[in-house]
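Student: A single structure is presented below for examination.
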Amino acid sequence: MSSQSLYDILAGCSPGLEGVLSSELSFLGVEGKIIPGGVSFKGTLEDLYLTNLWLRTASRILLKIGSFKALHFKELVEKTSRFPWEIYFSEAKAVKIRVTCRRSKLYHSQAVAERLIKAISLRLGRELTLTREEATPLLIVRLFKDEVLIRIDSSGGDLFKRGYKVAKGPAPLRENLAAALVLLSGWDKKAPFLDPFCGTGTIVIEAAMLAANLAPGLNRSFSFENWRNFKAELWQELKEKAQKAITPPSGLILGTDWSEKAISASQENARAAQVAPWVKFEKVEISRLKPPATEGFLVTNPPFGERLKEGFVPLKKLSDLFRKGFSLWDLTMIYPRKRLPVSFPFCLKSIAFFDHGGQRVFVFKKQTCD
């Protein structure tokens, strides 16, 4: 297959962030169609590589293998075995298959997965096994009204796993969600940037990566590198171009937290992300925080849920900042309610939502009151 062949590709994301993801794709020169949970588009292998390398808010990049109607298992096996599985599983010994069935005669997901692995084994002339192991190729299969849609994961695991989370902390925000929060803030990558509840530093690190034009996938591997149609020279060229595109940011990118342990974790993660020279982390309790500049962008994930042991105190303290020296600062934050339980000295509007830690959270941004 030529690297110029067009494929049906789906960039998946957390529901609620499709618009942000679509904007990212447009920036890469890829125009797609927003669907629930992602953006679908037609693209070349180069587009597949670029989206894995550069998208900050995507969860996975899936390539469509094919679709067909199947009313019984024999038909499912026969039609599945026609696809060129040798391209994707030439070296694989096991495959993960995630199946969802709705309004179809074939409704047992495990039985469907077993027939699919049988069909792929027939095509390859050797037996593959089903597995749940993380580091194995993944197929995403959907049956709806007897129509079978098969996609393969080109990413090799969730794209939010950038590889820099070496130090853990309570209720961490996933990297792609932190990136979405930064993008939704409208930060210009130059103004002072602050997260006063930085935790393990994810929001600050993602802000630094964005400001430095550091591709989030530059330091990880992908499943497509094991495909038979992998274009190694093209991939190397794209990575070298991404490496040359890195530009150290000049503005202040700061994270603060009351916990010495959190600050230590943030610094460790920043080093792993290769952004340590561009960020600062300081141990400061929020009520003692002084504005590092007259204006700037405050982007944060304030404590709530399991992290919240003081009622609404952290949110109240955040509000108090804007009644003092931070009055000219912008604010973007998340909270698990459509209405905030604490008043702020300006209007806050919910501009997006996503799921975090098993619950729906809303993105609030400072607005001019009507």
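Student: Which is aromatic (Phe, Trp, Tyr) and closer than 24 Å to Pro291 by Cβ, of Phe144, Phe160, Phe193?
Tutor: Phe193
Student: Please go through segment 94-140 and pick out each residue that is closer than 14 Å to Thr80 by Cα and of a type in the set (S, T, N, Q).
Tutor: The answer is Ser121, and nothing else.
Student: Only one of (1) farther than 30 Å from Ala94 by Cα; (2) under 15 Å from the mean Cα position of the chain (by Cα); (3) touching a residue at least 60 places away in the same chain (Cβ under 8 Å) is not met by Ala242, so which one is it?
Tutor: It fails just one condition, (2).
Student: I need a count of the residues in segment 150-179 that are farther than 30 Å from Leu116 by Cα, in contact with a strand residue (DSSP E or B) (Cβ under 7 Å, 6 or more places away or on another chain) and either open to solvent by 10 Å² or more (accessible area, probe 1.4 Å) or not in a helix (DSSP H, G or I) (or both).
Tutor: Residues flagged as farther than 30 Å from Leu116 by Cα, in contact with a strand residue (DSSP E or B) (Cβ under 7 Å, 6 or more places away or on another chain) and either open to solvent by 10 Å² or more (accessible area, probe 1.4 Å) or not in a helix (DSSP H, G or I) (or both) within segment 150-179 amount to 1.
Student: Among the residues of segment 257-283 satisfying the criterion of being over 20 Å from the mean Cα position of the chain (by Cα) and of a type in the set (S, T, N, Q), which is least open to solvent (accessible area, probe 1.4 Å)?
Tutor: Among those that are over 20 Å from the mean Cα position of the chain (by Cα) and of a type in the set (S, T, N, Q), it is Ser259.
Student: List every residue pair whose Cβ atoms sit under 7 Å apart, with the two residues 6 or more apart in sequence or on different chains, where the first one lies in segment 31-49 and is charged (D, E, K, R) and the second, anywhere, is part of a helix (DSSP H, G or I) and open to solvent by less than 60 Å² (accessible area, probe 1.4 Å).
Tutor: Here the result reads Glu46/Leu234, each pair linking segment 31-49 to a residue that is part of a helix (DSSP H, G or I) and open to solvent by less than 60 Å² (accessible area, probe 1.4 Å).
Student: Right, next: Could you list, ordered by first residue, the pairs with Cβ atoms under 8 Å in which the first is in segment 106-135 and more than 16 Å from Glu78 (Cβ to Cβ) and the second is charged (D, E, K, R) and assigned to a loop (DSSP other than H, G, I, E, B), at least 6 apart or interchain?
Tutor: Leu128/Lys93; Thr129/Lys93
Student: Criterion first (open to solvent by less than 40 Å² (accessible area, probe 1.4 Å) and either over 20 Å from Ile351 (Cβ atoms) or of a type in the set (Gly, Ala, Ser) (or both)) does Gly201 satisfy it?
Tutor: Spelling it out, Gly201 is indeed open to solvent by less than 40 Å² (accessible area, probe 1.4 Å) and either over 20 Å from Ile351 (Cβ atoms) or of a type in the set (Gly, Ala, Ser) (or both).
Student: Among the residues of segment 273-281, are any of a type outside the set (S, T, N, Q), at pLDDT 95 or above and out of contact with any helix residue (DSSP H, G or I) (no Cβ under 6 Å at 6 or more places or on another chain)?
Tutor: yes
Student: Give me the pairs: first residue in segment 263-284 and within 18 Å of Arg162 (Cα to Cα), second residue acidic (Asp, Glu), beta-carbon distance under 9 Å, and six or more apart or on different chains, which are they?
Tutor: Ser266/Asp257; Ala273/Glu206
Student: Same structure again: Of all residues in segment 331-342, how many are surrounded by 18 or more Cβ atoms within 10 Å (Cβ to Cβ) and over 10 Å from Ser319 (Cβ atoms)?
Tutor: 4
Student: Is one or more of the residues making up segment 84-100 buried (at least 21 other Cβ atoms within 10 Å of the Cβ), in contact with a strand residue (DSSP E or B) (Cβ under 9 Å, 6 or more places away or on another chain) and assigned to a loop (DSSP other than H, G, I, E, B)?
Tutor: Among the residues of segment 84-100, at least one is buried (at least 21 other Cβ atoms within 10 Å of the Cβ), in contact with a strand residue (DSSP E or B) (Cβ under 9 Å, 6 or more places away or on another chain) and assigned to a loop (DSSP other than H, G, I, E, B), which makes the answer yes.
Student: Another question, then. Please pick out the residue among Leu116, Leu138, Leu128 that is in contact with a Lys or Arg (Cβ under 6 Å, 6 or more places away or on another chain), open to solvent by less than 20 Å² (accessible area, probe 1.4 Å) and within 30 Å of Gly43 (Cβ to Cβ).
Tutor: Being in contact with a Lys or Arg (Cβ under 6 Å, 6 or more places away or on another chain), open to solvent by less than 20 Å² (accessible area, probe 1.4 Å) and within 30 Å of Gly43 (Cβ to Cβ) holds for just one of Leu116, Leu138, Leu128, which is Leu138.
Student: Spot the failing condition for Arg323; the list is (1) in a helix (DSSP H, G or I); (2) open to solvent by 40 Å² or more (accessible area, probe 1.4 Å), and only one is missed.
Tutor: (1)
Student: Does segment 343-370 hold any residues that are basic (Lys, Arg) and open to solvent by 50 Å² or more (accessible area, probe 1.4 Å), and which are they?
Tutor: Across segment 343-370, the qualifying residues are Lys349, Arg360.
Student: Has segment 249-266 got at least one residue that is in contact with a Pro (Cβ under 7 Å, 6 or more places away or on another chain) and assigned to a loop (DSSP other than H, G, I, E, B)?
Tutor: yes
Student: While we're here: Please enumerate the residues belonging to segment 224-248 that are over 29 Å from Phe193 (Cβ atoms), of a type outside the set (Lys, Arg) and assigned to a loop (DSSP other than H, G, I, E, B).
Tutor: Matches in segment 224-248: Trp227, Asn229, Phe230.
The values are calculated or read from the model by the stated rules, or taken from the named source; none is laboratory data. Note that the structure is a prediction, hence the values are computed from the model and not measured. Here Cβ is always computed from backbone atoms with ideal geometry, including for glycine, and neighbour counts include all displayed protein chains. Calculation scope for accessible area: heavy atoms of the full protein, side chains included, ligands and nucleic acids excluded. Shrake-Rupley method; radii C 1.70, N 1.55, O 1.52, S 1.80 Å.
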